[in-house]
1. Given a 1.4 Å probe and every protein chain left where it sits, what share in percent of the accessible area of region 157-235 is carbon and sulfur?
2. Could you work out what % of the accessible surface of region 46-116 is carbon and sulfur, using a 1.4 angstrom probe and leaving DNA, RNA and ligands out of the count?
3. Given a 1.4 Å probe, how much area per residue of region 145-288 is accessible, in Å²?
4. So for the chain: antiparallel DSSP bridges make up what percent, rounded to the nearest 5?
5. Give the aspartates and glutamates reachable from LYS81 as a straight Cα distance under 20 Å; neighbours fewer than 8 places away on the same chain don't count.
6. Could you rank the peptides 98-104, 321-327 by their average count of other C-beta atoms within 10 Å per residue, with the highest value first?
7. Identify all aspartates and glutamates with a Cα-Cα distance to LYS27 below 17 Å; exclude those on the same chain that are fewer than 8 residues away in sequence.
8. Based on the Cα gyration tensor of the chain, what are the three equivalent ellipsoid semi-axes, each the root of five times an eigenvalue, rounded to whole Å and given largest first?
Amino acid sequence: MQSEMTPRTDAPLLEVRDLQTTFDLSKTQSVRAVDGVSFEVNAGETLAIVGESGSGKSVTSLSIMGLLPKDIGRITAGSIKLNGREISKLSDVQMREIRGKEIGMIFQEPMTSLNPVHTVGQQIGEMVIRHEGLSKSKARARAIEMLDLVGIPEPRRRVDNYPHEMSGGMRQRAMIAMALACEPRILIADEPTTALDVTIQAQMLELMADLQKKLGMAIVFITHDLGVVAEVADRVVVMYAAQVVETAGVVDIFRNPRMPYTAGLMNSIPRLGSSIEKQRLKAIPGTVPALTSLPSGCRFNPRCAFATDLCRSAIPPLEEAGDGHMIRCARWRELTLNEREAS
Ligand SMILES: Nc1ncnc2c1ncn2[C@@H]1O[C@H](COP(=O)(O)OP(=O)(O)O)[C@@H](O)[C@H]1O
Ligand SMILES: [Mg+2]
(Lines give C-alpha, C1' and ligand atoms only; values in the text may rest on other atoms or scores of the structure.)
(Ligands and ions follow the chains in the order given, each with its own letter.)
Protein backbone atom coordinates (compact mmCIF):
# COMPACT_ATOMS: atom_id res chain seq x y z
CA MET A 1 0.00 0.00 0.00
CA GLN A 2 2.75 2.39 1.03
CA SER A 3 4.55 2.17 -2.32
CA GLU A 4 1.34 3.07 -4.12
CA MET A 5 1.12 6.28 -2.13
CA THR A 6 4.69 7.39 -2.74
CA PRO A 7 4.88 9.97 -5.53
CA ARG A 8 7.15 9.02 -8.41
CA THR A 9 9.01 11.64 -10.34
CA ASP A 10 9.52 9.70 -13.58
CA ALA A 11 5.77 9.28 -14.21
CA PRO A 12 3.67 11.79 -16.18
CA LEU A 13 2.03 14.35 -13.90
CA LEU A 14 -1.42 13.00 -14.73
CA GLU A 15 -1.98 9.59 -16.26
CA VAL A 16 -5.49 8.45 -17.20
CA ARG A 17 -5.67 4.78 -18.28
CA ASP A 18 -8.72 3.00 -19.73
CA LEU A 19 -11.04 5.17 -17.70
CA GLN A 20 -14.65 4.10 -17.71
CA THR A 21 -17.36 6.19 -16.04
CA THR A 22 -20.89 4.86 -15.80
CA PHE A 23 -24.15 6.72 -15.17
CA ASP A 24 -27.28 5.00 -13.99
CA LEU A 25 -30.19 6.37 -15.98
CA SER A 26 -32.72 4.15 -14.19
CA LYS A 27 -32.71 0.99 -12.07
CA THR A 28 -32.20 -1.10 -15.20
CA GLN A 29 -30.38 1.17 -17.63
CA SER A 30 -26.87 2.59 -17.44
CA VAL A 31 -24.54 4.24 -19.94
CA ARG A 32 -20.78 4.64 -20.21
CA ALA A 33 -20.25 8.36 -20.54
CA VAL A 34 -16.50 7.74 -20.60
CA ASP A 35 -15.57 4.47 -22.26
CA GLY A 36 -11.93 3.43 -22.09
CA VAL A 37 -10.29 6.86 -22.22
CA SER A 38 -6.50 7.13 -21.90
CA PHE A 39 -4.18 10.12 -22.02
CA GLU A 40 -1.37 11.67 -20.08
CA VAL A 41 -0.32 15.18 -19.16
CA ASN A 42 3.28 16.13 -18.52
CA ALA A 43 4.49 18.83 -16.16
CA GLY A 44 4.18 22.31 -17.62
CA GLU A 45 2.33 21.29 -20.79
CA THR A 46 -1.15 22.20 -22.02
CA LEU A 47 -3.32 19.33 -23.18
CA ALA A 48 -6.55 20.26 -24.95
CA ILE A 49 -9.51 17.89 -24.92
CA VAL A 50 -11.85 18.69 -27.81
CA GLY A 51 -15.03 17.28 -29.30
CA GLU A 52 -18.62 18.26 -29.92
CA SER A 53 -21.00 18.77 -27.04
CA GLY A 54 -21.94 15.47 -25.39
CA SER A 55 -18.71 13.63 -26.21
CA GLY A 56 -17.74 13.06 -22.56
CA LYS A 57 -15.25 15.86 -21.97
CA SER A 58 -16.83 17.19 -18.77
CA VAL A 59 -17.51 13.74 -17.36
CA THR A 60 -13.82 12.94 -17.91
CA SER A 61 -12.79 16.02 -15.93
CA LEU A 62 -15.35 15.42 -13.17
CA SER A 63 -14.05 11.84 -12.89
CA ILE A 64 -10.49 13.10 -12.42
CA MET A 65 -11.57 15.62 -9.78
CA GLY A 66 -13.79 13.21 -7.90
CA LEU A 67 -16.86 15.38 -8.54
CA LEU A 68 -19.20 12.96 -10.30
CA PRO A 69 -22.83 13.41 -9.26
CA LYS A 70 -23.37 11.19 -6.21
CA ASP A 71 -25.39 7.98 -6.53
CA ILE A 72 -25.80 8.09 -10.31
CA GLY A 73 -22.25 8.48 -11.63
CA ARG A 74 -19.18 6.41 -10.77
CA ILE A 75 -15.83 5.26 -12.11
CA THR A 76 -16.29 1.61 -13.07
CA ALA A 77 -12.87 0.76 -14.53
CA GLY A 78 -9.41 2.11 -15.24
CA SER A 79 -7.00 4.25 -13.33
CA ILE A 80 -6.17 7.91 -12.72
CA LYS A 81 -2.70 8.61 -11.43
CA LEU A 82 -1.60 12.00 -10.19
CA ASN A 83 2.16 12.16 -9.88
CA GLY A 84 2.22 8.36 -9.79
CA ARG A 85 -0.43 8.10 -7.05
CA GLU A 86 -3.71 6.32 -7.81
CA ILE A 87 -6.51 8.79 -7.04
CA SER A 88 -9.54 7.17 -8.64
CA LYS A 89 -10.42 5.18 -5.54
CA LEU A 90 -9.85 7.82 -2.87
CA SER A 91 -12.54 8.83 -0.40
CA ASP A 92 -14.33 12.21 -0.56
CA VAL A 93 -12.24 13.45 2.34
CA GLN A 94 -9.00 12.46 0.60
CA MET A 95 -10.13 14.03 -2.69
CA ARG A 96 -10.98 17.26 -0.91
CA GLU A 97 -7.32 17.41 0.15
CA ILE A 98 -6.23 17.07 -3.45
CA ARG A 99 -8.71 19.46 -5.07
CA GLY A 100 -7.54 23.02 -4.81
CA LYS A 101 -4.13 22.00 -3.52
CA GLU A 102 -2.78 19.67 -6.19
CA ILE A 103 -5.46 20.07 -8.86
CA GLY A 104 -6.89 23.51 -9.50
CA MET A 105 -10.10 23.82 -11.45
CA ILE A 106 -12.05 26.45 -13.30
CA PHE A 107 -15.38 26.18 -15.04
CA GLN A 108 -17.40 28.03 -17.63
CA GLU A 109 -19.62 29.63 -15.03
CA PRO A 110 -17.67 31.34 -12.22
CA MET A 111 -20.66 31.16 -9.89
CA THR A 112 -20.31 27.36 -9.74
CA SER A 113 -16.98 27.87 -7.94
CA LEU A 114 -17.64 31.18 -6.20
CA ASN A 115 -19.98 31.26 -3.25
CA PRO A 116 -22.32 34.29 -3.40
CA VAL A 117 -22.49 34.76 0.39
CA HIS A 118 -18.74 35.18 0.99
CA THR A 119 -16.34 37.84 -0.26
CA VAL A 120 -13.78 36.74 -2.84
CA GLY A 121 -11.06 37.44 -0.26
CA GLN A 122 -12.68 35.06 2.22
CA GLN A 123 -12.96 32.38 -0.44
CA ILE A 124 -9.40 32.63 -1.69
CA GLY A 125 -8.23 32.87 1.93
CA GLU A 126 -10.20 29.77 2.89
CA MET A 127 -8.25 27.76 0.30
CA VAL A 128 -4.86 28.60 1.79
CA ILE A 129 -6.08 28.34 5.39
CA ARG A 130 -7.40 24.84 4.67
CA HIS A 131 -4.56 23.54 2.53
CA GLU A 132 -1.55 25.44 3.83
CA GLY A 133 -2.58 26.29 7.38
CA LEU A 134 -2.01 30.02 6.95
CA SER A 135 -3.29 32.46 9.60
CA LYS A 136 -6.24 34.69 8.74
CA SER A 137 -4.09 37.76 8.19
CA LYS A 138 -1.60 35.88 6.02
CA ALA A 139 -4.48 34.36 4.05
CA ARG A 140 -5.86 37.83 3.39
CA ALA A 141 -2.46 38.99 2.21
CA ARG A 142 -2.28 35.97 -0.13
CA ALA A 143 -5.74 36.74 -1.47
CA ILE A 144 -4.69 40.31 -2.31
CA GLU A 145 -1.52 38.99 -3.93
CA MET A 146 -3.52 36.52 -6.05
CA LEU A 147 -6.06 39.15 -7.15
CA ASP A 148 -3.16 41.32 -8.18
CA LEU A 149 -1.54 38.40 -10.04
CA VAL A 150 -4.67 37.79 -12.13
CA GLY A 151 -4.84 41.47 -13.04
CA ILE A 152 -7.68 42.72 -10.87
CA PRO A 153 -7.17 46.46 -10.29
CA GLU A 154 -7.18 47.81 -6.72
CA PRO A 155 -6.87 44.33 -5.18
CA ARG A 156 -6.82 45.79 -1.64
CA ARG A 157 -10.32 47.11 -2.18
CA ARG A 158 -11.60 44.27 -4.37
CA VAL A 159 -10.64 41.63 -1.82
CA ASP A 160 -13.73 42.64 0.19
CA ASN A 161 -16.09 42.43 -2.79
CA TYR A 162 -18.82 39.85 -2.98
CA PRO A 163 -18.96 38.03 -6.34
CA HIS A 164 -22.10 39.94 -7.40
CA GLU A 165 -20.24 43.23 -6.95
CA MET A 166 -17.84 42.25 -9.74
CA SER A 167 -18.28 42.22 -13.51
CA GLY A 168 -18.34 38.88 -15.35
CA GLY A 169 -14.74 39.26 -16.47
CA MET A 170 -13.60 40.14 -12.93
CA ARG A 171 -15.44 37.14 -11.51
CA GLN A 172 -13.67 34.93 -14.03
CA ARG A 173 -10.36 36.34 -12.85
CA ALA A 174 -11.34 35.87 -9.21
CA MET A 175 -12.17 32.23 -9.94
CA ILE A 176 -8.75 31.75 -11.52
CA ALA A 177 -7.16 33.44 -8.48
CA MET A 178 -8.95 30.96 -6.22
CA ALA A 179 -7.97 27.97 -8.37
CA LEU A 180 -4.32 29.00 -8.31
CA ALA A 181 -4.02 30.24 -4.72
CA CYS A 182 -2.27 27.04 -3.58
CA GLU A 183 -0.15 26.84 -6.72
CA PRO A 184 -1.47 23.47 -7.97
CA ARG A 185 0.76 21.47 -10.33
CA ILE A 186 -2.16 21.00 -12.67
CA LEU A 187 -5.15 23.12 -13.63
CA ILE A 188 -8.26 21.61 -15.21
CA ALA A 189 -10.18 24.24 -17.14
CA ASP A 190 -13.55 23.11 -18.52
CA GLU A 191 -14.77 25.55 -21.21
CA PRO A 192 -13.45 28.46 -19.10
CA THR A 193 -13.81 31.05 -21.83
CA THR A 194 -16.87 29.79 -23.68
CA ALA A 195 -19.33 32.25 -22.15
CA LEU A 196 -17.05 35.26 -22.53
CA ASP A 197 -17.00 37.85 -25.27
CA VAL A 198 -14.06 37.69 -27.65
CA THR A 199 -12.01 40.46 -26.03
CA ILE A 200 -12.27 39.07 -22.50
CA GLN A 201 -11.67 35.57 -23.86
CA ALA A 202 -8.39 36.72 -25.39
CA GLN A 203 -7.42 38.37 -22.09
CA MET A 204 -8.19 35.19 -20.16
CA LEU A 205 -6.14 33.01 -22.51
CA GLU A 206 -3.23 35.40 -22.23
CA LEU A 207 -3.58 35.45 -18.45
CA MET A 208 -3.59 31.66 -18.21
CA ALA A 209 -0.54 31.35 -20.47
CA ASP A 210 1.21 33.96 -18.38
CA LEU A 211 0.39 32.23 -15.09
CA GLN A 212 1.41 28.89 -16.53
CA LYS A 213 4.83 30.30 -17.34
CA LYS A 214 5.17 31.87 -13.89
CA LEU A 215 3.93 28.89 -11.89
CA GLY A 216 5.08 26.08 -14.23
CA MET A 217 1.79 24.24 -13.98
CA ALA A 218 0.23 21.84 -16.48
CA ILE A 219 -3.18 22.70 -17.92
CA VAL A 220 -5.93 20.42 -19.18
CA PHE A 221 -7.98 22.72 -21.36
CA ILE A 222 -11.41 21.40 -22.29
CA THR A 223 -13.12 23.17 -25.15
CA HIS A 224 -15.16 22.67 -28.30
CA ASP A 225 -13.50 25.75 -29.80
CA LEU A 226 -10.66 24.78 -32.14
CA GLY A 227 -9.51 28.38 -32.47
CA VAL A 228 -8.75 28.32 -28.75
CA VAL A 229 -7.01 24.95 -29.10
CA ALA A 230 -4.67 26.30 -31.77
CA GLU A 231 -3.77 29.13 -29.46
CA VAL A 232 -3.16 27.32 -26.18
CA ALA A 233 -2.47 23.60 -26.69
CA ASP A 234 0.75 21.63 -26.92
CA ARG A 235 -1.08 18.37 -27.50
CA VAL A 236 -4.67 17.55 -28.39
CA VAL A 237 -7.02 14.71 -27.45
CA VAL A 238 -10.12 14.42 -29.65
CA MET A 239 -13.14 12.74 -28.06
CA TYR A 240 -16.19 11.33 -29.79
CA ALA A 241 -19.11 9.48 -28.15
CA ALA A 242 -17.22 8.76 -24.90
CA GLN A 243 -14.00 7.57 -26.56
CA VAL A 244 -10.69 9.06 -27.64
CA VAL A 245 -10.54 8.97 -31.46
CA GLU A 246 -7.28 10.82 -32.10
CA THR A 247 -4.35 12.27 -30.15
CA ALA A 248 -1.42 14.25 -31.52
CA GLY A 249 0.74 17.31 -31.10
CA VAL A 250 -1.13 20.51 -31.92
CA VAL A 251 0.72 21.30 -35.17
CA ASP A 252 0.39 17.70 -36.33
CA ILE A 253 -3.33 17.49 -35.67
CA PHE A 254 -4.13 20.74 -37.49
CA ARG A 255 -1.93 19.89 -40.49
CA ASN A 256 -2.55 16.21 -40.59
CA PRO A 257 -5.86 15.15 -39.04
CA ARG A 258 -6.20 11.42 -39.72
CA MET A 259 -9.49 10.28 -38.24
CA PRO A 260 -12.29 11.57 -40.53
CA TYR A 261 -14.09 13.06 -37.52
CA THR A 262 -11.06 15.18 -36.63
CA ALA A 263 -10.70 16.18 -40.26
CA GLY A 264 -14.36 17.21 -40.22
CA LEU A 265 -13.83 19.33 -37.11
CA MET A 266 -10.85 21.01 -38.75
CA ASN A 267 -12.92 21.68 -41.84
CA SER A 268 -15.51 23.48 -39.79
CA ILE A 269 -13.15 26.29 -38.74
CA PRO A 270 -11.82 29.12 -40.88
CA ARG A 271 -8.14 28.72 -41.66
CA LEU A 272 -5.64 31.51 -41.50
CA GLY A 273 -4.08 32.30 -44.83
CA SER A 274 -6.37 30.21 -46.98
CA SER A 275 -8.40 31.66 -49.82
CA ILE A 276 -12.05 32.65 -49.46
CA GLU A 277 -12.91 29.77 -51.76
CA LYS A 278 -11.28 27.23 -49.46
CA GLN A 279 -12.85 28.86 -46.43
CA ARG A 280 -16.33 27.64 -47.23
CA LEU A 281 -17.03 25.95 -43.93
CA LYS A 282 -18.56 22.55 -43.80
CA ALA A 283 -20.33 21.33 -40.72
CA ILE A 284 -20.11 17.59 -40.09
CA PRO A 285 -23.48 16.13 -41.12
CA GLY A 286 -25.59 14.47 -38.43
CA THR A 287 -25.21 14.58 -34.67
CA VAL A 288 -23.34 12.82 -31.87
CA PRO A 289 -25.22 9.56 -31.13
CA ALA A 290 -26.97 9.13 -27.79
CA LEU A 291 -25.11 6.77 -25.48
CA THR A 292 -28.26 4.68 -25.28
CA SER A 293 -28.29 4.01 -29.02
CA LEU A 294 -24.70 3.74 -30.20
CA PRO A 295 -24.12 2.35 -33.68
CA SER A 296 -22.22 -0.92 -33.98
CA GLY A 297 -18.58 -0.64 -34.96
CA CYS A 298 -16.89 2.75 -35.18
CA ARG A 299 -19.16 5.21 -33.38
CA PHE A 300 -18.60 7.82 -36.09
CA ASN A 301 -19.50 5.52 -38.99
CA PRO A 302 -23.09 6.80 -39.60
CA ARG A 303 -21.66 10.29 -40.22
CA CYS A 304 -18.50 9.26 -42.02
CA ALA A 305 -18.09 9.66 -45.78
CA PHE A 306 -15.49 6.86 -45.83
CA ALA A 307 -17.37 4.21 -43.84
CA THR A 308 -17.41 0.65 -45.18
CA ASP A 309 -18.74 -2.65 -43.81
CA LEU A 310 -15.46 -3.04 -41.97
CA CYS A 311 -16.21 0.17 -40.06
CA ARG A 312 -19.64 -1.12 -39.10
CA SER A 313 -18.38 -4.49 -37.88
CA ALA A 314 -16.11 -3.63 -34.92
CA ILE A 315 -14.83 -0.65 -32.94
CA PRO A 316 -11.34 -0.01 -34.31
CA PRO A 317 -8.50 0.14 -31.76
CA LEU A 318 -6.63 3.36 -31.02
CA GLU A 319 -3.47 2.80 -33.05
CA GLU A 320 -0.07 4.46 -32.85
CA ALA A 321 0.84 6.10 -36.17
CA GLY A 322 4.26 7.37 -35.13
CA ASP A 323 5.42 10.41 -33.16
CA GLY A 324 2.81 9.77 -30.50
CA HIS A 325 0.03 10.33 -33.03
CA MET A 326 -2.81 7.94 -32.09
CA ILE A 327 -5.74 7.20 -34.43
CA ARG A 328 -8.95 5.24 -33.99
CA CYS A 329 -9.95 4.49 -37.59
CA ALA A 330 -10.03 1.16 -39.40
CA ARG A 331 -9.12 2.89 -42.68
CA TRP A 332 -6.52 5.48 -41.70
CA ARG A 333 -3.69 3.74 -43.56
CA GLU A 334 -5.49 3.53 -46.92
CA LEU A 335 -7.01 6.98 -46.53
CA THR A 336 -3.54 8.38 -45.92
CA LEU A 337 -2.25 6.58 -49.02
CA ASN A 338 -5.11 7.79 -51.22
CA GLU A 339 -4.56 11.32 -50.07
CA ARG A 340 -0.86 11.13 -50.94
CA GLU A 341 -1.63 9.72 -54.36
CA ALA A 342 -4.19 12.42 -54.98
CA SER A 343 -1.76 15.23 -54.22
N1 LIG B 1 -25.66 13.69 -14.71
C2 LIG B 1 -25.74 12.85 -15.74
N3 LIG B 1 -26.64 11.85 -15.77
C4 LIG B 1 -26.72 11.00 -16.81
N5 LIG B 1 -25.94 11.07 -17.89
C6 LIG B 1 -25.03 12.06 -17.94
C7 LIG B 1 -24.89 13.00 -16.88
N8 LIG B 1 -23.91 13.88 -17.22
C9 LIG B 1 -23.47 13.49 -18.43
N10 LIG B 1 -24.14 12.40 -18.86
C11 LIG B 1 -23.95 11.69 -20.14
O12 LIG B 1 -22.63 11.86 -20.56
C13 LIG B 1 -22.57 12.43 -21.87
C14 LIG B 1 -21.38 13.30 -21.99
O15 LIG B 1 -21.56 14.46 -21.20
P16 LIG B 1 -20.43 15.57 -21.03
O17 LIG B 1 -19.18 14.96 -20.51
O18 LIG B 1 -21.05 16.64 -20.19
O19 LIG B 1 -20.21 16.08 -22.52
P20 LIG B 1 -19.28 17.29 -23.02
O21 LIG B 1 -18.28 16.67 -23.95
O22 LIG B 1 -20.21 18.21 -23.75
O23 LIG B 1 -18.66 17.93 -21.83
C24 LIG B 1 -23.91 13.15 -22.01
O25 LIG B 1 -24.28 13.25 -23.35
C26 LIG B 1 -24.84 12.24 -21.24
O27 LIG B 1 -25.24 11.16 -22.04
MG1 LIG C 1 -18.84 19.88 -21.10
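1. Working: 1520 of 3160 Å².
Reported share for carbon and sulfur atoms: 48 percent.
2. Working: 1560 of 2970 Å².
So the carbon and sulfur contribution to the accessible surface is 53 percent.
3. On the way: 6530 Å² over 144 residues.
Spelled out: the 1.4 Å probe surface of region 145-288, per residue, equals 45 Å².
4. Details: 29 of 48 bridges.
Once the DSSP bridges in the chain are tallied, antiparallel ones form about 60 percent.
5. Partners found: GLU4, ASP10, GLU15, ASP18, ASP35, GLU40, GLU45, ASP92, GLU97, GLU102, GLU183, ASP190.
6. Details: 98-104: 21.0, 321-327: 16.1.
The packing order, highest mean first, is 98-104, 321-327.
7. Within reach: ASP71.
8. Values: eigenvalues 269, 115, 67 Å².
Computed over the chain, the values are 37, 24, 18 Å.
The values are calculated or read from the model by the stated rules, or taken from the named source; none is laboratory data. Keep in mind that what you see is a predicted model, and the values were worked out from it rather than measured. No Cβ is skipped: glycine too gets one built from the backbone with ideal geometry, and neighbour counts run over all protein chains shown. Please note that ligands, DNA and RNA were not included when accessible areas were found on the heavy atoms of the full protein model with its side chains. Shrake-Rupley method; radii C 1.70, N 1.55, O 1.52, S 1.80 Å.
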